[in-house]
Amino acid sequence: AQSVDQPDAHVTLSEGASLELRCSYSYSAAPYLFWYVQYPGQSLQFLLKYITGDTVVKGTKGFEAEFRKSNSSFNLKKSPAHWSDSAKYFCALEAGGSNAKLTFGKGTKLSVKS
Amino acid sequence: EAAVTQSPRSKVAVTGGKVTLSCHQTNNHDYMYWYRQDTGHGLRLIHYSYVADSTEKGDIPDGYKASRPSQENFSLILELASLSQTAVYFCASRQFSGNTLYFGEGSRLIVV
């Protein structure tokens, strides 16, 4: 079985601060990991992914994430945060080499105060 | 830019009625997915498909059927709609495993 946990339902910070959104996963083999963002009233958009190789991956809008196999995490980071980053962020896992089942976490709602 | 279109975008259905949500993609993607989004649950996978004429059960398939008559089209069918199926439904597609998922705009379903 595969699962994704985003332990923080809400995160609030001030513009200019550093943001880190947490994501942990459960899967016995090598995972494919993704981050997607959903702006208010919109659908989801791709931010970045980790498939293999370099454990720090960079994505769109200045975001990056670090894959840590040791503690099964894939945290999303950005510095500095901007008010326009306010949105809901979803971490997702695909069992590598499987039939492409893609499981999402519950999401973290980020509010950046200007 | 990948295009995934859903219809209807919004619907009010009566309990016990039949509802069909349609999804169409124009990018020759092999994989298609149906998710529902609820407050407190995030996105949950209902059904998915990686080839025409074949569908797979996701994490919450009960009460839903799926149909993939062609590579471009993927439908979600609620034979007997229930109040608990009130949600926003997203269709998504991608080319193959490990690739970026492209989402439709969502279909808001209210069952009364």
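Some observations on this one:
- Note on the range A:1-44: residues that are at pLDDT 95 or above, in a loop (DSSP other than H, G, I, E, B) and over 16 Å from the mean Cα position of the chain (by Cα) amount to 3.
- Number of positions in the range B:36-53 that are facing chain A (nearest Cβ under 10 Å), within 17 Å of B:GLU72 (Cα to Cα) and surrounded by 21 or more Cβ atoms within 10 Å (Cβ to Cβ): 2
- Residue in the range A:82-104 that is under 23 Å from B:GLY40 (Cβ atoms) and basic (Lys, Arg) present: yes
- Taking the listed residues B:PHE74, B:PHE103, B:PHE96, the one that is surrounded by fewer than 16 Cβ atoms within 10 Å (Cβ to Cβ), in contact (Cβ under 8 Å) with a residue 12 or more places away in the chain and aromatic (Phe, Trp, Tyr) is B:PHE96, with no other qualifying.
Here's the yes/no breakdown for (1) free of Cβ contacts under 8 Å to residues at least 24 places away in the same chain; (2) closer than 18 Å to B:GLY98 by Cα; (3) surrounded by fewer than 12 Cβ atoms within 10 Å (Cβ to Cβ); (4) not aliphatic (A, V, I, L, M):
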| residue | (1), (2), (3), (4) |
| --- | --- |
| A:ASP8 | no, no, no, yes |
| A:ARG22 | no, no, no, yes |
| A:TYR32 | no, yes, no, yes |
| A:TRP35 | no, yes, no, yes |
| A:PHE46 | yes, yes, no, yes |
| A:GLY53 | yes, yes, yes, yes |
| A:LYS61 | no, no, no, yes |
| A:LYS77 | no, no, no, yes |
| A:PRO80 | no, no, no, yes |
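The values are calculated or read from the model by the stated rules, or taken from the named source; none is laboratory data. Because the structure is a prediction, the values reported are computed rather than measured. Neighbour counts are summed over all protein chains in view; Cβ atoms, including those assigned to glycine, are modelled from backbone coordinates with ideal geometry.
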